[in-house]
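*Asks:* Take a look at the following structure, please.
Readers should treat all values here as calculations from the given coordinates under stated rules, not as data from a laboratory. Everything numeric here is computed off the predicted structure, so don't read it as measured data. Glycine gets a Cβ as well: all are built from the backbone with ideal geometry, and neighbour counts include every protein chain shown.
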Amino acid sequence: MATTTGATRTHDESSKGKAGDTHNKGQQAMDKAKDVAGNVAGKAKDMASTVGNKAEDATHAVGSGMQSLAGTMRENMPHGGMLGSATSSIASGLDSTGRYLKEEGLSGIADDMTNLVRRNPLPAMLCGVALGFILARATSRS
């Protein structure tokens, strides 16, 4: 009977050892998964930051291009008459829009849109409904 009890203890201890090993392996797997998830999240954050910076740079480049186009129009188009007046108005609009894009960028545009919606909630809501209606009509015909 003592032999059986000793064998049972050895079996129980070996079962506990196996359970402990399984627990340790499970914990190691969890830690590894957390590390991998953290690395993926970090890389995704870096990628999003890079994309955001490139979008801001592109916005600034578009603004510079618009200002350059405005200067070219002022130099090469007629200065008098109806055509000259129209050219001057278009060039002024391009110049001011280009300056706005260069100075504010995408974040400035988003802030301005947010403020516009806060100051005018009903027209913003009506514009959203109209846009939704137009998109629904455009996609349902396809």
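*Asks:* Assigning unit charges at the beta carbon (Lys, Arg +1; Asp, Glu -1) and nothing else, what dipole magnitude in debye, to the nearest 20, does region 37-108 show about its Cα centre?
*Replies:* In debye, rounded to 20, region 37-108 gives about 140.
*Asks:* Between residue 106 and residue 83, with labels modelled 7 Å along Cα→Cβ, what's the label distance in nm to one decimal, could you check?
*Replies:* Calculated label separation equals 4.0 nm.
*Asks:* Also, quick follow-up: Summing +1 for each Lys or Arg and -1 for each Asp or Glu, what net charge is found among the other residues whose Cβ lies under 14 Å from the Cβ of residue 111?
*Replies:* Here the charged neighbours net out to -2.
*Asks:* How large is the dipole of region 73-142 about the Cα centre if only Lys and Arg carry +1 and Asp and Glu carry -1, each at its Cβ, rounded to the nearest 20 debye?
*Replies:* With Lys and Arg at +1 and Asp and Glu at -1, about 340 debye.
*Asks:* Go through region 126-133 residue by residue and turn each phi into a ³J(HN,Hα) via Karplus (6.51, -1.76, 1.60, θ = phi - 60°); whole Hz please, and just put x for glycine and proline.
*Replies:* Coupling constants for region 126-133: 5, 5, x, 5, 5, 5, x, 5 Hz.
*Asks:* Would you calculate the separation in nanometres between label points at residue 64 and residue 92, each defined as 7 Å from the Cα along the Cα-to-beta-carbon direction?
*Replies:* The modelled label-to-label distance comes out at 2.7 nm.
*Asks:* With θ set to phi - 60°, apply the Karplus curve 6.51 cos²θ - 1.76 cosθ + 1.60 along region 64-71 and write out the HN-Hα couplings as whole Hz, x wherever there is a Gly or Pro.
*Replies:* Coupling constants for region 64-71: 5, x, 5, 5, 5, 4, 4, x Hz.
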